[in-house]
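The values are calculated or read from the model by the stated rules, or taken from the named source; none is laboratory data. The structure presented is a predicted model; accordingly, all values stated were derived computationally and were not measured. Methodologically, a virtual Cβ is constructed for each residue, glycine included, from the backbone with ideal geometry; neighbour enumeration extends over all protein chains shown.
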Amino acid sequence: MPRALITGITGQDGAYLSQLLLEKGYEVFGLLRRSASAEVMGERLRWLGIQDAVRMIDGDLMDMSSIIRALQQVKPEEVYNLGAQSFVRTSWDQPLLTGHVTAIGAHNVIEAVRLTCPGARFYQASSSEMFGKIQEEMQSETTPFYPRSPYAVAKLYAHWITVNYRESFGMHASSGILFNHESPLRGIEFVTRKVTDGVARIKLGLAKELPMGNLEATRDWGHAKDYVRAMWLMLQQDTPDDYVVATGRTVSVREMCRVAFAAAGLDYRDHVTQDPRFMRPAEVDVLLGDPAKAKAKLGWEPKITLEEMIAEMVEADLARHRARLL
């Protein structure tokens, strides 16, 4: 039975990846930072009904000794580094924390893997935000990076240190340059979930308006369930590499709002307002990924459409709010 250690296991991607690996017969271990109540930390794993199947180990990305102890205990064949301060807007308010956790934290993990279990296969969660001020209309693995937030800069450090360790030490280390991926497990601070939660509250009479930032920014949105499958596929390859994971379709925030409100039988124009408080200091206007390499080498392609994903998220948020009203 193969063993996998996941950092960031209580997040959206960590939960779906755990579910996938358990279905494939893995023993799944999660590095858990004790910073919140157990109830909050396990919410997503409970949603998927797998909380009792995952084994948690105390540790912190900023404490390499705890990572080494976890690796020595688990002896994993695969290590997935999904842990990060991952909210772009917060990275301007907490830039140094973002750098420590998202950049140096990733370095701590891959260095601990090199020292403890260098034969383990390593996955780094890179981000389409690294492309930032886009240098090509469609972004691929060869598109130059131009990060536009402290988060993106930190992710770029983590990405390149992964490349460096692969080339310097011969480690099986791969990065997935994942474009936006969402689900009912997405945090409320992210724009898609903010919208679907807002739709649910308005539909149930709990709110009348949804204040938003830039409605014209466009993103390449997919479902997290599809994207964690790409993570796993990368670590099954004989040769490590970096891959863009995307749908190849870009949609504006405005259009995403239209789809979400329509899923509840509402017109977004009656409820969405723009609020300068939610504008970013430096905006990433367009992101559109080219997943050709992932399709050709991994045999990967998305199965869930944007419309299906948004409808699923709206239904989940309606169910959450209805349960609170009982």
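Scanning the range 111-127 for residues that are crowded, with 24+ Cβ neighbours inside 10 Å and outside any strand (DSSP E or B) gives a single hit, Val113. When Val191 is tested against (1) at pLDDT below 95; (2) assigned by TED's automatic domain parsing to the domain that holds Pro76; (3) β-branched (Val, Ile, Thr), exactly one condition is not met: (2).
Number of residues in the range 199-252 that are free of Cβ contacts under 8 Å to residues at least 24 places away in the same chain and either farther than 30 Å from His172 by Cα or not assigned by TED's automatic domain parsing to the domain that holds Tyr123 (or both): the value is 2.
Which residues, taken from the range 41-93, are of a type in the set (Asp, Glu) and part of a loop (DSSP other than H, G, I, E, B)? Passing the criteria: Asp52, Glu77. Do we have Thr98 as assigned to a helix (DSSP H, G or I), touching a residue at least 24 places away in the same chain (Cβ under 8 Å) and under 30 Å from Val272 (Cα atoms) here? For Thr98, the condition - assigned to a helix (DSSP H, G or I), touching a residue at least 24 places away in the same chain (Cβ under 8 Å) and under 30 Å from Val272 (Cα atoms) - is not met. Filter the range 246-266 down to residues that are in a loop (DSSP other than H, G, I, E, B) and of a type outside the set (Ser, Thr, Tyr) and give me whichever is surrounded by the most Cβ atoms within 10 Å (Cβ to Cβ). Among them, the one singled out is Ala246.
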